[in-house]
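Trainee: What follows is a single structure, and I will ask about it in a moment.
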Amino acid sequence: MQIPGSELIAVGVFCSYFSIIAGLLFLILRSLPLSGARLGLGRAHVFILLALTSFAHTWFYMFKFMAWSFRNYEQSKGIPSTGQLIERMSRWLLNTSLFEQAWASVCFGKVNWWWSQQLCLYTVGAWTIFLSTEGRRHQVKIIWAYMLLGQLVAISVASNLFYLALVLAGPLPSQAVQRPSEQWAPSALWIPVLVSLGTIATSPFTDDRTFLPNLLLMHFLIVIPLLVPDALFHRPQNSKPFLSLTIPTLYILVFVAGLVMHTRATSAALGDPALTVTEFAQSAWTVLHSHPAQSSIGWDVIWTSVSFVIWLILQPGQELTGGSRRLVTAAYLLLATPLVSVGVLAPHVLRPREDELQEKKNA
């Protein structure tokens with residue numbers, strides 16, 4: 001058996017993909033803070049369970065997608081299912097762009113995009129801001145690794161690991177909590193976030209030539225804020241960094257942009273004449289299971305949404321909130337998230353507010 005060098009390289013790239021995932025997981029788990037481990041042990045178990053469950057569920061479909069892609073390649077080329085498996089796999093990997101194939105499957109189609117856009121909006125908007133700001137405030141190490149893991153594995157898995165890190169880091173001391181008007185987003189954060197939102201807005205209008213560059217630009221931009229020096233996010237009081245926005249302002253911009261795009265995607269998915277709520281739910285469920293790649297990203301949306309709601313309820317400091325208020329908050333989140341999507345809801349509820357700051361200080 002002799003495999004050409006180009007095919008060996010393709011196999012090597014495929015294997016390195018899993019090696020990078022393993023390396024990122026190792027780095028993240030090794031760097032988890034332990035200062036609040038005892039205090040947040042119960043919460044930690046919740047997010048560990050969510051991370052494991054979301055990983056198993058989304059990657060069940062991801063492996064199904066890889067198997068589908070392999071079969072589809074051989075059938076389209078008329079290749080008999082005989083011969084050495086490694087040779088067949090090497091030819092498949094050399095002649096197939098799995099990344100582009102998977103994303104094309106979940107982005108082309110109005111209902112397909114309705115699912116996928118929700119995850120894109122959350123990732124490039126609220127989650128990028130949340131990682132950049134809360135990760136640094138709680139001194140979570142290698143925050144860039146969580147973003148890369150989310151892009152390579154699943155956002156739901158990476159977000160639950162980040163929630164785990166925040167729980168283990170413990171709540172911030174009241175004196176360390178900044179006023180919203182003093183929380184600045186440097187240009188290295190808000191420019192990549194807003195430009196990335198632009199790539200989401202243009203994605204439905206891309207074609208075979210422009211789709212992949214637009215997608216790669218989105219993935220690249222949202223890593224930048226996590227790599228810049230921490231000093232850009234820590235400024236003396238009453239000192240406004242050059243070309244900066246306040247964090248609440250950035251969250252508002254992301255919320256408005258997300259609301260407009262999700263409304264547009266929902267309107268397109270409903271069709272003309274518009275489907276009823278029941279018909280749309282049936283259509284969305286059918287599309288969710290129409291293709292293994294769609295199932296993987298669709299369930300990633302669902303697990304990300306569920307995990308975000310659970311985080312908001314269980315996050316450190318919530319024990320200071322009255323029981324009735326927590327119940328109302330939980331009910332609101334459970335109802336609102338499926339209606340407006342986690343990509344729209346997250347920037348709204350994560351935006352720092354003066355009244356919440358006062359409550360924390362009084363507590």
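Trainee: For the structure I just gave you, tell me whether residue 232 is in a helix (DSSP H, G or I), surrounded by 13 or more Cβ atoms within 10 Å (Cβ to Cβ) and modelled with pLDDT of 90 or more.
Mentor: No.
Trainee: Yes or no: residue 203 of a type in the set (Ser, Thr, Tyr), surrounded by fewer than 23 Cβ atoms within 10 Å (Cβ to Cβ) and not in a loop (DSSP other than H, G, I, E, B)?
Mentor: Yes, satisfied.
For (1) among the aromatic types (Phe, Trp, Tyr); (2) loosely packed, with under 12 Cβ neighbours inside 10 Å; (3) at negative phi, each residue gets a yes or a no:
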position: 247; (1), (2), (3): no, no, yes
position: 251; (1), (2), (3): yes, no, yes
position: 254; (1), (2), (3): no, no, yes
position: 262; (1), (2), (3): no, no, yes
position: 272; (1), (2), (3): no, yes, yes
position: 275; (1), (2), (3): no, no, yes
position: 280; (1), (2), (3): yes, no, yes
position: 283; (1), (2), (3): no, no, yes
position: 289; (1), (2), (3): no, no, yes
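Trainee: For region 250-293, name all the residues that are in contact with a Gly (Cβ under 6 Å, 6 or more places away or on another chain) and within 22 Å of residue 205 (Cβ to Cβ).
Mentor: Across region 250-293, the qualifying residues are 254, 258.
Trainee: Only one residue in 158, 126, 154 is free of Cβ contacts under 8 Å to residues at least 24 places away in the same chain, buried (at least 23 other Cβ atoms within 10 Å of the Cβ), aliphatic (A, V, I, L, M) and in contact with a helix residue (DSSP H, G or I) (Cβ under 8 Å, 6 or more places away or on another chain), so which one is that?
Mentor: Just one listed residue meets the conditions, 158.
Trainee: What about residue 102, is it within 28 Å of residue 6 (Cβ to Cβ) and within 18 Å of the chain's Cα centre (by Cα)?
Mentor: When the stated conditions are applied, residue 102 passes them.
Trainee: Now for a separate question. Say whether the condition of being touching a His at 6+ places or on another chain (Cβ under 8 Å) and not in a helix (DSSP H, G or I) is met by at least one residue in region 21-36.
Mentor: Among the residues of region 21-36, at least one is touching a His at 6+ places or on another chain (Cβ under 8 Å) and not in a helix (DSSP H, G or I), which makes the answer yes.
Trainee: Moving on to the next point. Quick check on residue 25: is it more than 30 Å from residue 308 (Cβ to Cβ) and either among the aliphatic types (A, V, I, L, M) or touching a residue at least 40 places away in the same chain (Cβ under 8 Å) (or both)?
Mentor: It is false that residue 25 is more than 30 Å from residue 308 (Cβ to Cβ) and either among the aliphatic types (A, V, I, L, M) or touching a residue at least 40 places away in the same chain (Cβ under 8 Å) (or both).
Trainee: Restricting to region 40-92, what's the tally of residues that are closer than 30 Å to residue 157 by Cα and polar (S, T, N, Q)?
Mentor: Going through region 40-92 one residue at a time, the tally reaches 6.
Trainee: Right, next: Looking only at region 239-274, which residues are aromatic (Phe, Trp, Tyr) and either free of Cβ contacts under 8 Å to residues at least 60 places away in the same chain or outside any helix (DSSP H, G or I) (or both)?
Mentor: Residue satisfying the conditions is 242 alone.
The values are calculated or read from the model by the stated rules, or taken from the named source; none is laboratory data. Nothing here was measured: the structure is a model prediction, and the numbers come from that model. All Cβ positions, even for glycine, are placed from backbone atoms using ideal geometry, and neighbour counts span all protein chains on display.
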